[in-house]
Amino acid sequence: MAHDSTYRPRSAFTRWLDSRLPIMRLAHDSFVDFPTPKNLNYWWTFGGILTFCLVVQIVSGIVLAMHYVPHVDFAFASVEHIMRNVNYGWLIRYIHANGASMFFLAVYIHMFRGLYFGSYKEPREVLWIIGVLIYILMMATAFLGYVLPWGQMSFWAATVITNLFCAMPCVGDVILSWLIGGFAVDNPTLNRFFSLHYLLPFLIFGAVMLHIWALHVPGNNNPAGIDVKGPQDTIPFHPYYTVKDGFALSVFVILFALIVFYAPNILGHPDNYIPADFLNTPEHIVPEWYFLPFYAVLRGVPDLLFIPAKLAGIIVMFLCIITLFLVPWLDFSKVRSARYRPLYKQFFWLFVIACVALGWAGAQSPEGLALWVARIATVYYLAFFWIIMPLLSVIETPKKVPDSISKSVLGGASSSAEPAPAE
């Protein structure tokens, strides 16, 4: 959202710097005086929370990398060394391990908020696409990091996931050999995973900068899903939203701290405290909780015509991810916010339930009730985007949308038809 700069250098040095590298002006215009819709609620605070999580993961990861040894004979012992001998190593390790879970918790809330309020629609398509790209980079980084402790679950999760590439015709074996560096998951695999795990967070950081840039071009969406009509609809980002974001971040950090100090292993798997043993397969191989929905899709897909179940599961899982890139063009309703779309709102909450159901099914053995829950939820997941969204764009009659953000906040309407209550 273009706006006139209000930055005024106050010293000779800042005037000199501003004339050569206006970085202070950029920061002021982007994060202090940036005009922001006045009706943003606490669901909009998760962008700042995610930035905090990324910084925590990078800083704690750099410290851990100073003591970690990426070798199959020493990796597990080096993690134990960090936990027992490095000053506050236990704290840094728990912050990093649980920080990944908190990162994904925040990003899932952030994504569901975007789907509910239509933040993927014109003119924010590129903003949404970059966000999905960040999510994929996060998943890759988290999977690579899960392997590094070289415990039982780390080793066997790496073995199961990398072997999926064998099901891909023609290129599967080539990709698998490049990925693991040999004929089986071993020391070359651990070295490659460590290198990529260290690199990808910096790519995520760069993508986040693009994400923020793409956000500042059209400006924030808002709960009403309507465009800013003028200065009366906006307030400066600072101090109003810095205080609001700061309060939300404080609550989030308290939850984070409660997990780190009182239940640091609640989201992990006890088998990962057993050194990796390629002769002893765990009874149930499960990934971290944030991968469980896709794991359920992977295991729940049966044989499809002439496609075997293993390859069909991979295809459907990747389709579930690729679909997220296409959301801006699958929903072409002119109304953004689900507050004014009563039918879409109901299907959206069913979609949330389907995602939770996939997470539950992914943690269970792929048989009986869990298998059918995974299949039904997978069908609804894809149907929500490919059938329900386009269909509702045509048949749904939205409620009357307010003329401006100010009227949605203060009430009243300039037209004779009073907007219906949003919710």
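The values are calculated or read from the model by the stated rules, or taken from the named source; none is laboratory data. Keep in mind the model is a prediction, meaning the values are calculated, not measured. Note that we place each Cβ from the backbone using ideal geometry, even for glycine, and neighbour counts take in every protein chain shown.
Taking the numbered list (1) touching a Lys or Arg at 6+ places or on another chain (Cβ under 8 Å); (2) on the phi > 0 side of the Ramachandran plot in turn, Pro223 passes all entries but (2).
Could you tell me whether any residue of region 57-66 is surrounded by 15 or more Cβ atoms within 10 Å (Cβ to Cβ), in a strand (DSSP E or B), of a type in the set (S, T, N, Q) and touching a residue at least 40 places away in the same chain (Cβ under 8 Å)? No, there is no match, as no residue in region 57-66 is surrounded by 15 or more Cβ atoms within 10 Å (Cβ to Cβ), in a strand (DSSP E or B), of a type in the set (S, T, N, Q) and touching a residue at least 40 places away in the same chain (Cβ under 8 Å). If you go through region 279-314 and keep only what is aromatic (Phe, Trp, Tyr) and modelled with pLDDT of 90 or more, you end up with Trp289, Tyr290, Phe291, Phe294, Tyr295.
Of the helices (runs of 4 or more DSSP H) lying entirely inside region 367-414, those carrying at least 1 residues that are modelled with pLDDT of 95 or more are 368-383, 389-395. Of the residues making up region 260-270, one or more are in contact (Cβ under 8 Å) with a residue 12 or more places away in the chain and under 30 Å from Met168 (Cβ atoms). Being assigned to a loop (DSSP other than H, G, I, E, B), not basic (Lys, Arg) and not assigned by TED's automatic domain parsing to the domain that holds Gln364 is a property that Asn265 has. For region 10-17, the count of residues that are in a loop (DSSP other than H, G, I, E, B), among the basic types (Lys, Arg) and out of contact with any helix residue (DSSP H, G or I) (no Cβ under 6 Å at 6 or more places or on another chain) is nonzero.
Of the residues making up region 165-191, those that are part of a helix (DSSP H, G or I), out of contact with any Pro (no Cβ under 9 Å at 6 or more places or on another chain) and surrounded by 17 or more Cβ atoms within 10 Å (Cβ to Cβ) are Phe165, Leu176, Leu179, Thr189.
Apart from one condition, Leu26 fits all of (1) closer than 19 Å to His216 by Cβ; (2) in a helix (DSSP H, G or I); (3) in contact (Cβ under 8 Å) with a residue 24 or more places away in the chain; (4) not charged (D, E, K, R); the exception is (3).
Checked against the criterion of being under 15 Å from Gly219 (Cα atoms), buried (at least 20 other Cβ atoms within 10 Å of the Cβ) and either free of Cβ contacts under 8 Å to residues at least 60 places away in the same chain or under 24 Å from the mean Cα position of the chain (by Cα) (or both), region 90-98 contains not a single residue that satisfies it. If the condition is being of a type in the set (Val, Ile, Thr) and closer than 21 Å to Asn191 by Cα, then region 97-149 contributes Thr141, Val147. Look at region 219-247: where a residue is more than 28 Å from Lys400 (Cβ to Cβ) and a partner is among the charged types (D, E, K, R), sitting 6+ places away or on another chain with Cβ atoms under 6 Å, you get Pro236/Asp33.
Scanning region 286-302 for residues that are in a helix (DSSP H, G or I) and of a type in the set (D, E, K, R) turns up just one, Arg299.
Set side by side, the residues Tyr120, Tyr94, Tyr108 differ, and just one is among the hydroxyl-bearing types (Ser, Thr, Tyr), in a helix (DSSP H, G or I), modelled with pLDDT of 95 or more and more than 21 Å from Tyr198 (Cβ to Cβ), which is Tyr108. Under the condition of being surrounded by 13 or more Cβ atoms within 10 Å (Cβ to Cβ) and outside any helix (DSSP H, G or I), the residues counted in region 338-366 number 4. Within region 65-85, the set of residues being out of contact with any Leu (no Cβ under 9 Å at 6 or more places or on another chain) and of a type in the set (A, V, I, L, M, F, W, C) comprises Ala65, Met66, Val69, Phe74, Phe76, Ala77, Met83.
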